Amino acid sequence: MTLDALETQSPEERRAYQARRLAETVQHARERSPYFRRTLPAVAESLEQIPITRKDDLPAMQAGEPPFGGLLGVEMPGLARVFASPGPIFDPQGPEEDYWRFRLALAAAGFRRGMVAINSASYHLTPLGFMLDGAARSLGCVVIPAGTGQTDLQARIAGSLGATAYLGTPSFLYTLLKHGRDAGAPLRIEAAFVTAEMFPESLRADLLREFGVRALQGYGTAELGCLAYECPERGGMHLHPDAIIEVIDLETRKPAAAGQPGELVVTIFDTTYPLLRFAPGDIGALAPDAPCPCGRTAPKLAGLLGRTGDAVKVKGMFIRGAEIEKALKAFPAVARFQAVVTREQHQDQLEYVVELAPGATVDPAAVGEALREAVKVRGEVRVGVVPEKAKRIDDRRVWR
């Protein structure tokens, strides 16, 4: 497989390339983005002089300066689509073919021209389905826009159309392959790119042992697009050459050494949505600097280690304590709540425990429907006891 020229740059070439792109993006942001016109220093001699913008602040920023908090770098007619993530957070899409830069990640996972790829990522209001769709089509793949759910239908369509590639979450890949096998019509998946949730080694091993599928993963966000991706050699995810990713020590706020956990702060070179030093809320660590046998020269992200706020990703979607609390205000009978996240058979499980006021009653089904509408993830509601100072979201999953 031929690598992209950006993937084989020397460290000096990469620094020069990213410095040039950064200067262009900063100039554009200062001229076209009201938010950065206010916040960027008159002269920014280093990246560290640019203030950090946090994802957790986006809902308030967008509500105060609708619809994008002053971050947009073009006029609205210049957009291709607008998405709405829970929060709510509005995410714009520019007009480029592979706007979110997932093409390199899919190529590393073995996607190639002529493949038929079933895309099981969501196309509904959130951008992941379109992110992966556009990247696959830029490589010459034929895409089946399946979206989420309807496992039986997806398995039948993938089999009928001879799908040889998969896009989506790793847990649904396992479910889809298992369904096809159990139905006596095993799928012939040769390349799989997974994202949007943790990919534990136990699931990776089960996919290979049970189905012969070698899945590679990538890391990205709705706002920033693709930021890092695995190559066949694995051992971490190569940083995307069109993004600058800093790992900031949680205590000293200085750059963290390789292997040391820190907050991820990202800068992308995008004129549509010029996010400079944007903190998506993830904690990660850089891998030790070592040549990769695949030939790609970019440093690697060793892995994601958690979140800085109370947002937790469940079934590929973020749920937030504030959103749950807001939805439950419609039910005065609920005195306290806790969302409990567990994992069984490679599938996330979500349960809402609600404690009622003395003598009060509530319809758990109605509460569950209101919460599903608010956070876009279905969970079971159980009336019980919640400790007074319990965390709003209790993530009990163990990743192995």
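Bear in mind that the values in this text are calculations on the coordinates, not laboratory data. Everything numeric in this text was worked out from a predicted model, so none of it was measured. Note: ideal-geometry Cβ built from the backbone for every residue, glycine included; neighbour counts use all protein chains shown.
Some observations on this one:
- Cleavage-rule hits (GluC sites (Glu not before Pro)) in the range 206-240: DSSP loop, at most 16 neighbouring Cβ within 10 angstrom: 233
- The range 79-149 and the range 1-63: distance between their alpha carbon centers, rounded to Å: 23 Å
- Coil-residue trypsin sites (Lys or Arg not before Pro) of the range 234-315, DSSP, other Cβ within 10 Å capped at 16: 234, 253
- Residues 124, 238, 346, sorted so that the one with the fewest Cβ neighbours within 10 Å comes first: 124, 346, 238
- For residue 253 and residue 201, a Förster radius of 30 Å and the Cβ-Cβ distance give a FRET efficiency of 0.40, rounded to the nearest 0.05.
- Low-density loop positions, GluC sites (Glu not before Pro), the range 1-69 - DSSP coil, at most 12 other Cβ in 10 Å: 45
- Computed label-point distance, nm, for sites residue 347 and residue 49 using a 7 Å Cα→Cβ extension: 5.5 nm
- Residues 231, 294, arranged from fewest to most other Cβ atoms within 10 angstrom of their Cβ, appear as 294, 231.
- Summarising the overall dimensions of the chain from its C-alpha atoms, the Rg and Dmax are 21.6, 69 angstrom.
- All lysines inside 24 Å of residue 391 as judged from Cα atoms, apart from same-chain residues fewer than 8 positions distant: 55, 313, 315, 326, 329, 376
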